[in-house]
Amino acid sequence: MKKNIYRLIGALLIGIVINFLIKFVIFNSVPNSVSSEEIKNMQLLGLKTSLYSLSFRWLPKLLTILIILLSSLLTYVKTRKILLSIITLIILSFSPWLFILGQTLNLHLFLLTIIVLLLISLCHKKYWIFIISFIFILFKQWLDLKLPNLQQIIDTWPLVVRLLDFKTLFFTGDSASQYLKIPKTGYFLFFDLIPLFVGIYVLLKNQNNRSLGKIISGLFIIGLCFLFISQSSSLNIYRGIIIFYSVSLVIAVGYEYLLHNTSYLLKALIALIFVLNVFFTYELFYYHFDKKNSFEWGYAETNAINQLNQKQIKCINITQESGKLKQYVDFFNNDVNFKTNMISNSKLDDICYAKNNCYCLLREQELGLIGLQKEDIETIFSHYEGLPIYFLIPKNETHVY
Amino acid sequence: MKHMFINSKNTSNLLLLSLILLVIVGFVIRSYQIESHPPVDNDEFAIAYDAYSITQTGKDQWGVKMPLFFKSFGDYKNGFDIYITALMYKLFEPNIFWLRFPSIIFGTLYILLIFLLLSNITIDKKLIIIGTLLMTLSPYGIFFSRTSSASISQSFFTITSILTFIYYLKSNHKKLIPISVGSLLLSLYIYPSSLIVVPLLLSGYIFILLKKHEYTITILLVVAAFIVALPVINQYLGGGSMIRFQNVANIGMKLEINEFRHHSQNDFVSKIFQNKIVYQSFYLLKNFIYHFDLEPLIYLRNHVDQHDNGFPQVLIITFPFYILGFIVLFKQIKNPTYLIIALWIVISPLPSIIAGSGFNGKRSLTFLGSDIVLIILGLSYFHNIFQKKLVYFLYLICIIINSSIFVYWYFSPYKLLAESHLYFKTNKLYQIVKQNYSKFNTIVYTTKNLGEPQNPVLFACLFPPEKYIKIKVAKCSPWCRIQPFDKFIYMENIEDIIKYISLNIKDNKIIGFLSSDEIEIIKRKSCYEILSTFQPKKNYLNEKFYLIQFEQCI
C-alpha cells in the first residue's frame, strides 16, 4: 500500500515535469498568436498582457496540469490500481482535446477543474451528480448556459450523434470550426479507438471497476446535459468537454486492461504505436496548426501592430472591415504607438491621399475603391500561412482618376 | 442432407409459416412500383441494352461475341447480371421490370439465406423470426434489391458461400466445400467488389481448413480458385478493367502531403510522417471505422445518390443490440462459425474504402445481413427476457413500426427526392424516345444538358443491335464517347444544334429535348412549338425542360 503511494507520488512528479516540458518549453509558443476569443476572455478575467507575451496562457496550462494530476489521483482512489492511475496521467497528458484546450485561454477549463476537484472530494457520496449539476448554475453567465426548449433539444440530437461519431472523435475533430483543431486529428488519438472499445467492455464486465464505471457513466450523463444547455454557437470542443473527459477515462481503463492482460511483445507494440501516434499528432500541431488555422488566429493583427510600431507610423485609418484589428489595437493599447481612426468606405479616396501623417490600412476588397490592386502595395500584413489581409496604402502614390 | 439446411429443432410449422409470409412480404415490397422507382440510372440502361443485344445477336453492343466482361462505357462490366437479364428478355419482354427482376429475386432469396444463417447461430425460434423480419424490411436490402446494380447478386453469392461453409463446419460434410468455394468464385464474375472480398474470405476458409488438417482439399481449392480467377485477373491486369481503380484513386492526398511538407520545409520528421504510406493508412483506417460509425448506422442523412438512400442502415430500435452483438461475437471468436462471421464483417467495407469512398453502400453491400446477425447475437444475450411473450411481441411491434417509417419514407419523401434529383433528365429522355421514336425523323439534345446517354435512347426504341454495331462511331480514352447516330443528334452546345437544324431542316419532323436556358437562346434563332414541359417535383434549382418540335420559319 505504502509502496504504491510512493510509486504514485513518483509518477505524479514525473507527470508534472513532463507536462511542464511539453506545455511550457516545447509547445510554449504554439499557437503563435492571440485569438480574439482569448482577448474577450482576458477582458472578462481582468487580465492584461503585452503584445509580445503569451504568458497569459500559463493559466490554462496550469489548470490542465492540475486536471491531469487530479484525474490520476481520482482513478487511484476509486480503483487502487497504480497502473490505471499512471495510464490516466499519460492519456490525459497527450489527449488532443485537453492538450489543445490547455494551449489557449478558455473558460471551460475552469469548469472542468472544479468538476474534477468535486469528484475527488465527493466521489464517495451518492449525491455528487447533483452537486456537479449545481455548478452549472454558477457558470451560467460565464459560459452562456440556458435551459433548452423542446425544439432546441430536438435540434441538438444530430450534434450528439455527430460528436460521438468515431470519425469525429478519432479522425477529424470539429468539422464546424478550425479554431481549436489540430489538422488531421480528432479529439483523441486514433489509436485510442481500440482501448475505448476494450474500456467499455471492461467497465461493463468487470466488477472491480464498478465504482469507476459509475463515475464515468455519471460524468457522461452530466456531459450530455451540459451539451444540451450550452449554446449552439459555442464550439463543439467546449460543449463536449465533460463527455470527452469521461471518454478519456474509459480509454485509460482500456489501455490498462490491454497492458495488464497481454504478452510483453504486445505490450511493447501497444506502447510503440501509442508513441508513434503521439509524435504524428504533435508534429501536426507543432508545424501545421498555426498555418492551417491561421485565419482563426490573430497573427496578421499582432504582426501589423508590431510592424507599424517599427515603422514609427503615428496614425492609421481603418474601416469597419478591419474590426478585428481594432479589437487588438484597443486591447494592446500599451504596446501600440499609433492612433487609429475609423473611417467610412465612401471617403476612402479623400482620406487615404490627404496630405497628412495618417496612413490607410485597408482590406483587399477595399483597394478597388481607390483604384489600386494588391500588386501595387508593398507593405502587406498577412496571415501566418501567407494570405494577405491588410494593405498599407503608401502616401506617395500617384493617383490618377 | 435435407436436415442440414434447416435445424430440425427449429422446423416448426410456425417458423415455416412466418418464413413464407415474410418472403412474400419481402417480394411485394421489393417489386412494388419497380418500373418507376427508383429512377433508372445510366449503368442500368447499359445493362439493359447489352442484355437486349445478347438476346438478339449473341454479341454485346460492341460486337464482341458472348463476352465475360462487357465493354459498355469502357468500364468493362462483369457479365453475370447482363446474362441473367438477357435470359429474362429472352423469356419475357425487354423492359425495366424484367431488367430489375433478377435483383428482386436475389433480394428476396436473401431473406431465406439470413433465415438459414440465423438457424445456425441460435436455436431460439423467436429470434430467428425477428432476424428474418429485419432482413425482410432491411433499408439497404430493399434499396439494393430494386436496382440492377449487380452488387446484390454478388452479395447473395458471397453469403451463400459463407452459409454453406458454416454448414460444412457444423456437419463436416466435405461435399459442401466445393459448393461454398464455387459460389464465392462465381461472385468474381458479378461485381468488382468481389476482387477484394473473395481472396480474403478464401484465405479465411483456407486457414480454418488447415486447422482441421484438410490438406488435400485445401490444395485442390487453391488450384481451382486460381484457375477460375485467372480470366478475372487477366481482365484487370490487361483487359481494361483497371479503369475502375484509376477512376477512384485519391488525388487530393498528394496535394495535402505537399502542403504539409512545405509547412515544415520538408525536414526529416515531416518525411517520416507526411508521406503516402502514412496518409493512405490514415484514410483507410478512417474510412473503415466510418462503416461502423453512428452516422451511417443510425443517422438519417440528407443525402441522395444512386448508391445511398440516406436512411440509416440499422433501425434505431435494434442499435443497442447491434453494439452488444460485437461483444458477443468477440467473446466467441475462437468458434470457427463466429470467426467466419467476424471475417465477413471485417472484409465487407474493404472494397468501399479501398476505392477511396467514405461510405458506399453499393461497394460494401457484402455487409448486408451481417448487421442482422450482430443484432440477433446481441438479442440472444437477453434470451430470457424475450421468452416472455409480451416483451417479444412489443419488440416485434416496435421493429414493424420502425421499419414502416423506412417503407413510408422510401415510397414517399425519398421517391419524390429521387425522381427530382436522380437521372431526371435521362429518364425523361427515355420516355420521350419511347413514345416518339417512330413519329419523328430527328431527335436533338445537347450533351451539355444530358451528357451522352446513348444507352437510354437505344433501349427506349429497342434499336436493332446489329445495326448499332455497324453504324456506331466511338472514341475511347478510356471512357467511350459515341458520335451521333441514326435519328439522335446531340452536340455540346445549343448553337451547334441550331446550325445543324438550319442546314438540315427539310420537314417538321424534328423534336428537341432542351432546358429553359437553351430555349431562351433558340427563341431568337429558330421557330418551334412546345409539345410538353417537364420539371422536377422538388425543384430546388428551378429547372424546367421542354419537348419542342422545330418548324420552318415563315
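On the basis of being touching a Leu at 6+ places or on another chain (Cβ under 6 Å) and of a type in the set (S, T, N, Q), does B:S403 make the cut?
yes
Among what's in the stretch A:137-165 and is touching a residue at least 24 places away in the same chain (Cβ under 8 Å) and touching a Phe, Trp or Tyr at 6+ places or on another chain (Cβ under 7 Å), pick the residue that is farthest from the other protein chains (Cβ to nearest Cβ).
Ranking the qualifying residues of the stretch A:137-165, first place goes to A:L145.
Considering only residues that are aliphatic (A, V, I, L, M) and over 21 Å from B:F550 (Cβ atoms), which ones fall in the stretch B:468-517? Give the steps one after another, and end with the answer.
Keep residues of the stretch B:468-517 that are aliphatic (A, V, I, L, M), which gives B:469, B:471, B:473-474, B:482, B:489, B:491, B:494, B:497-498, B:501, B:503, B:505, B:510-511, B:514.
If the condition is that a residue be aliphatic (A, V, I, L, M) and over 21 Å from B:F550 (Cβ atoms), then B:I469, B:I471, B:V473, B:A474, B:I482 are the ones that fit.
So which helices (runs of 4 or more DSSP H) are wholly in the stretch A:305-401 and hold at least 1 residues that are under 30 Å from B:E259 (Cβ atoms)?
A:323-331, A:364-367
Name the one entry in B:I521, B:I469 that is within 24 Å of B:F45 (Cβ to Cβ) and aliphatic (A, V, I, L, M).
On the way: B:I521 fails: within 24 Å of B:F45 (Cβ to Cβ).
So the residue among B:I521, B:I469 that is within 24 Å of B:F45 (Cβ to Cβ) and aliphatic (A, V, I, L, M) is B:I469.
With respect to B:V433, determine if the residue is more than 20 Å from B:L315 (Cα to Cα), in contact with a helix residue (DSSP H, G or I) (Cβ under 8 Å, 6 or more places away or on another chain) and surrounded by 13 or more Cβ atoms within 10 Å (Cβ to Cβ).
So B:V433 passes the test.
Go through the stretch A:82-138 and give me each residue that's out of contact with any helix residue (DSSP H, G or I) (no Cβ under 9 Å at 6 or more places or on another chain) and closer than 18 Å to A:L224 by Cβ.
Passing the criteria: A:F130, A:F134, A:I137.
Is it true that some residue in the stretch A:207-218 is of a type in the set (K, R) and within 14 Å of chain B (Cβ to nearest Cβ)?
Scanning the stretch A:207-218, I find no residue that is of a type in the set (K, R) and within 14 Å of chain B (Cβ to nearest Cβ), so the answer is no.
For B:P67, are the conditions met, namely being within 30 Å of B:S119 (Cβ to Cβ), touching an Asp or Glu at 6+ places or on another chain (Cβ under 8 Å) and not hydroxyl-bearing (S, T, Y)?
no
Test B:I208 against the criterion of being more than 30 Å from A:N293 (Cα to Cα), β-branched (V, I, T), part of a helix (DSSP H, G or I) and at pLDDT 90 or above, and give yes or no.
So B:I208 passes the test.
Within the stretch A:274-320, can you find the residues that are β-branched (V, I, T) and either within 14 Å of chain B (Cβ to nearest Cβ) or closer than 19 Å to A:Q103 by Cβ (or both)? Break it down into steps so the answer makes sense when it comes.
We begin by selecting, within the stretch A:274-320, every residue β-branched (V, I, T); these are A:275, A:278, A:281, A:302, A:305, A:313, A:316, A:318-319.
Hits for the stretch A:274-320 are A:V275, A:V278, A:T281, A:T302.
Could you grab me the full set of residues in the stretch B:497-542 that are farther than 23 Å from B:S420 by Cα, in contact (Cβ under 8 Å) with a residue 12 or more places away in the chain and assigned to a helix (DSSP H, G or I)?
Across the stretch B:497-542, the qualifying residues are B:I497, B:I498, B:Y500, B:I501, B:S502, B:N504, B:I521, B:I522, B:K525.
Quick one: count up the residues across the stretch B:251-264 that are more than 10 Å from chain A (Cβ to nearest Cβ), surrounded by 14 or more Cβ atoms within 10 Å (Cβ to Cβ) and modelled with pLDDT under 85.
The total comes to 1.
Of the numbered conditions (1) over 30 Å from A:L145 (Cα atoms); (2) touching a His at 6+ places or on another chain (Cβ under 6 Å), A:S294 fails exactly one; give the number of that condition.
So the condition that A:S294 fails would be (1).
For the stretch B:273-287, which residues satisfy the criterion of being facing chain A (nearest Cβ under 10 Å) and within 28 Å of B:G310 (Cβ to Cβ)?
Within the stretch B:273-287, B:F282, B:Y283, B:L285, B:K286, B:N287 meet the criteria.
Among the candidates B:D293, B:D305, B:D267, which residue alone is buried (at least 18 other Cβ atoms within 10 Å of the Cβ) and either at the interface with chain A (Cβ under 10 Å from one of its Cβ atoms) or in contact (Cβ under 8 Å) with a residue 60 or more places away in the chain (or both)?
From the options B:D293, B:D305, B:D267, the qualifying one is B:D293.
Please find, among B:G325, B:G369, B:G361, B:G356, the residue that is within 14 Å of chain A (Cβ to nearest Cβ), out of contact with any Pro (no Cβ under 7 Å at 6 or more places or on another chain) and crowded, with 18+ Cβ neighbours inside 10 Å.
B:G325
If a residue must be facing chain B (nearest Cβ under 8 Å) and either within 14 Å of the chain's Cα centre (by Cα) or not aromatic (F, W, Y) (or both), how many such residues does the stretch A:166-180 contain?
Qualifying residue count for the region: 2.
Of the residues A:Y287, A:Y245, only one is in a helix (DSSP H, G or I), hydroxyl-bearing (S, T, Y) and within 28 Å of A:L227 (Cβ to Cβ); which?
It is A:Y245.
Could you say which residue among A:P195, A:P183 is within 12 Å of another protein chain (Cβ to nearest Cβ) and of a type outside the set (G, A, S)?
None of the others qualify; the one that does is A:P183.
State which residue pairs qualify: first residue surrounded by fewer than 24 Cβ atoms within 10 Å (Cβ to Cβ) and inside the stretch B:51-66, second residue acidic (D, E) in any location, beta carbons under 8 Å apart, and separation of 6 or more residues or different chains.
B:Q56/B:E466; B:T57/B:E466
Looking at A:P60, A:P96, can you tell me which residue is in contact (Cβ under 8 Å) with a residue 60 or more places away in the chain and within 18 Å of the chain's Cα centre (by Cα)?
Just a single option satisfies the conditions, and that option is A:P96.
The values are calculated or read from the model by the stated rules, or taken from the named source; none is laboratory data. Just so it is clear, the model here is predicted, and its values are computed rather than measured. Neighbour counts are summed over all protein chains in view; Cβ atoms, including those assigned to glycine, are modelled from backbone coordinates with ideal geometry.
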